[in-house]
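The values are calculated or read from the model by the stated rules, or taken from the named source; none is laboratory data. These numbers were taken from a predicted model, which means no experiment stands behind them. Neighbour counts are summed over all protein chains in view; Cβ atoms, including those assigned to glycine, are modelled from backbone coordinates with ideal geometry. The protein model used for the area step is the full one, side chains on, heavy atoms only, and it has no ligands, DNA or RNA in it. Shrake-Rupley method; radii C 1.70, N 1.55, O 1.52, S 1.80 Å.
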Protein chains: 2
Amino acid sequence: MEFYVQHPRFLVAVDCVIFGYEEGELKLLIYPRAFEPEKGKWSLMGGFIQQAESSDEAAARVLKETTGLNEIFLEQVSTFSASDREPSERVISVAYFALIKIERYKKNKTREFGAKWWPVNELPPLIFDHNEMVLQSLKKLQQKAGHSLVGSELLPSKFTLLQLRKLYEAIYQRSFDPGNFRKKMLSLGALEKLDQKNSTESKKGAYYYRVKPDKTELELERIIKY
Amino acid sequence: MEFYVQHPRFLVAVDCVIFGYEEGELKLLIYPRAFEPEKGKWSLMGGFIQQAESSDEAAARVLKETTGLNEIFLEQVSTFSASDREPSERVISVAYFALIKIERYKKNKTREFGAKWWPVNELPPLIFDHNEMVLQSLKKLQQKAGHSLVGSELLPSKFTLLQLRKLYEAIYQRSFDPGNFRKKMLSLGALEKLDQKNSTESKKGAYYYRVKPDKTELELERIIKY
DNA sequence: TCAAAAGTGTTGGAGGTACACCCATGT
DNA sequence: ACATGGGTGTACCTCCAACACTTTTGA
């Protein structure tokens with residue numbers, strides 16, 4: 001027991017890389033830091049882990065406090081622990097990435113924190129190692145999107161295949177052949193065609209789809225063979 | 001600044017999941033815990049992060065102390081932070097996985113710590129959440145092996161294709177077609193045939209190969225397309 | 001001589017890419 | 001009428017799984 005005592009203790013924080021999707025662009029929710037050091041500079045949403053709270057719980061709490069949303073997709077990215085990553089005092093930080101539907105996001109929270117949705121590929125410099133956290137999160141998001149359908153996390157509950165394709169194009173920063181993309185996505189058997197059509201984005205109108213309720217967690221089995 | 005003060009501080013540890021490969025089996029280095037609580041029970045190699053030391057550095061130090069080896073492949077797996085993960089006192093732990101060549105491992109260190117190489121699929125129960133750490137590490141290892149050549153980390157510097165295949169079979173817990181495996185691996189252009197032959201494992205004798213010096217970091221581009 | 005690994009070749013199928021083509025419709 | 005996305009079909013290519021077959025050599 002006394003073995004434990006002699007070791008140093010650290011402040012441990014969580015930082016959330018919050019992805020949203022709007023107007024054909026993948027966006028990130030960042031805000032001007034509210035306190036010193038680096039007060040006013042752009043930063044990820046973060047907070048310190050409290051007693052009797054796991055880092056997962058802390059990340060969910062931070063997300064709830066800053067966006068007003070519960071039950072968000074959250075995944076741990078990595079822990080950042082360079083001893084000089086914050087100038088004034090040592091803080092170890094566990095980075096998380098979150099996917100939220102911007103439509104659900106409570107706008108009033110924006111004002112409260114001065115937060116801003118910012119396109120991921122035009123991000124300003126962030127404090128400390130937050131840009132690195134974003135890079136790693138983007139990679140994780142690409143991985144996740146590669147073997148599960150992120151549509152249900154980032155898009156409205158019903159969406160057209162054009163919208164889904166645009167989302168994937170935003171995530172991978174490349175374009176996909178419309179015909180092939182459609183066939184691929186439908187062949188997975190995870191999408192359900194609705195009766196409703198969306199006519200705002202094309203003359204002909206495209207059917208809405210939704211993720212089949214039981215297939216939300218579908219693994220697209222892009223499994224490594226070798 | 002005073003904002004920082006009011007938050008709790010935590011002991012932060014690293015735990016190392018150390019993979020080795022021997023006699024056709026993927027093995028893990030574990031040892032009987034040297035202090036309370038859970039003294040004597042099987043445990044991963046771990047240690048507390050010290051002042052002015054990052055978790056990466058701490059993991060490398062723990063590895064050095066317990067195996068005598070420097071410059072080992074080490075990768076962060078995940079951070080475990082459930083508030084009750086250790087019964088007596090709260091500790092947040094960053095798990096790492098390491099790949100080492102058992103041949104290089106200093107045997108005297110075994111005696112010093114009572115450590116033991118244990119086949120991964122016959123592991124005894126480990127303390128706390130260490131079994132979970134092992135599971136996640138194995139997944140990471142499979143991922144890594146899926147798009148880079150782990151041969152150079154786990155095998156001697158020269159190896160036959162049989163040895164490489166047995167290693168991959170151990171990692172993925174499945175068998176590969178010998179002919180296809182050979183063709184696949186050679187087609188990557190990362191292996192160099194040596195003049196020497198190994199005659200201990202077959203009558204005919206198999207040529208040794210090594211990873212081309214410039215291809216150690218080769219990505220096998222098993223890239224997500226969609 | 002036979003078993004077992006080394007090493008090469010062939011074949012069929014699955015799935016991805018590129019691209020042609022028709023459909024529906026608002027402007 | 002025409003531009004635009006919706007939606008379908010096809011030809012080609014790559015890669016992989018399965019498996020046949022020959023070679024070598026120690027037991």
Could you give the length gained on full extension between A:Gln51 and A:Glu36, defined as 0.36 nm per residue of separation minus the Cα-Cα distance, in nm? 3.1 nm
Amide H within-cut-off set for B:Asn198, under 5 Å, with H built and near neighbours excluded: B:Ala206, B:Tyr207, B:Tyr208
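Might you report the magnitude of the Cβ-based charge dipole of chain A about its Cα centre, with Lys and Arg at +1 and Asp and Glu at -1, to the nearest 20 debye?
With only Lys, Arg, Asp and Glu charged at Cβ, the dipole is about 1180 debye.
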What nm distances, shortest first, do you get from the label point of A:Ser199 to those in the other copies when the point sits 7 angstrom along Cα to Cβ? 8.3
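Based only on the alpha carbon positions, what is the Kirkwood hydrodynamic radius of the protein assembly as shown, in angstrom? Walk me through the numbers on the way to the answer.
Values: mean 1/r = 0.0408 Å⁻¹.
Mean inverse Cα-Cα distance, inverted, gives 24.5 Å.
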One residue of chain B has its C-beta nearest the axis rotating B onto A; that residue and its distance in whole Å are B:Arg9, 2
Protein heavy-atom accessible area occluded, A/B pair - total, 1.4 Å probe, Å²: 4500
Whichever lysines have a C-alpha closer than 30 Å to that of B:Lys109, once near sequence neighbours (fewer than 8 apart) are set aside: B:Lys27, B:Lys39, B:Lys41, B:Lys64, B:Lys101, B:Lys139, B:Lys140, B:Lys144, B:Lys158, B:Lys166
At A:Arg9, label 7 Å along Cα→Cβ: distances to the other copies, nm, ascending? 0.7
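Ignoring any ligand, DNA or RNA, what whole percent of the accessible area of chain A comes from carbon and sulfur when the probe is 1.4 angstrom? The partial results should precede the final answer.
Details: 5360 of 10860 Å².
That fraction is 49 percent.
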Taking every residue in A:69-80, how many Cβ atoms of other protein chains lie within 10 Å of its Cβ, on average? 2
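Output the antiparallel fraction of DSSP beta bridges having both residues in the protein assembly as shown, as a percent to the nearest 5. Show your work: numbers first, answer last.
Values: 57 of 75 bridges.
Counting DSSP beta bridges with both partners in the protein assembly as shown, the antiparallel share is about 75 percent.
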Treating the point 7 Å from Cα along Cα-beta-carbon as the label, what are the nm separations from A:Pro125 to the other copies, to one decimal? 5.4
Taking amide hydrogens as modeled 1.01 Å from N in the peptide plane, which residues meet the under 5 Å criterion relative to B:Lys41, leaving out close sequence neighbours? B:Arg33
Contour minus Cα-Cα distance for A:Lys158 and A:Leu135 (0.36 nm per residue): 5.4 nm
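Go ahead and estimate [θ] at 222 nm for the protein assembly as shown from helices alone: -39,500 (n - 2.57) per DSSP H run with n ≥ 4, summed, over the residue count, rounded to 500.
Working: 14 runs with 136 residues, N = 452.
Counting only the DSSP helices, I get -8500 deg cm²/dmol.
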Please work out how much length the chain gains when fully extended from A:Gln142 to A:Lys183, using 0.36 nm per residue of separation minus the C-alpha to C-alpha distance, in nm with one decimal. 12.7 nm
